[in-house]
Amino acid sequence: MDNYIIFETEQFQSDMESDFGGQQERIKTKLQAYVYPLLRKMPFFGKNIKKLVNYQPDTWRYRIGDYRFFYEIDEQRRIVFMISADYRGKAYR
């Protein structure tokens, strides 16, 4: 089975430029070293992965501490679209 490709949207890249409580570099490192390799293989399953209810198109979230990273999956083209990132308190508004 082929791996998925990770694509960061402009919105996601913009969100990643925010401060993240001074943890921006730690978060980016964790995404590159741990999260992206996991999403390339199994974007649907994982300890910190959850499918969001009542979202169209289907949207998933990955949790790193108090931060949420949202993505959509194109199964036919095998692409994971990273669509947004935010602090938990603001992420679900």
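Only the coordinates and a few stated rules stand behind these numbers; no lab work does. This structure is a prediction, so every number in the text was calculated from the model and none was measured. Cβ: placed from backbone, ideal geometry, glycine included. Neighbour counts: every protein chain shown.
Points to keep in mind about this one:
- Think of each Lys and Arg Cβ as +1 and each Asp and Glu Cβ as -1; about the Cα centre, that makes the dipole of the chain roughly 480 debye.
- Shown for the chain is the translational diffusion coefficient from the Stokes-Einstein equation, using the Kirkwood radius over Cα pairs, a temperature of 4 °C and a viscosity of 1.567 mPa s: 97 µm²/s.
- For segment 5-88, relative contact order (Cα pairs under 8 Å, six or more residues apart, normalised by length) works out to 36 percent.
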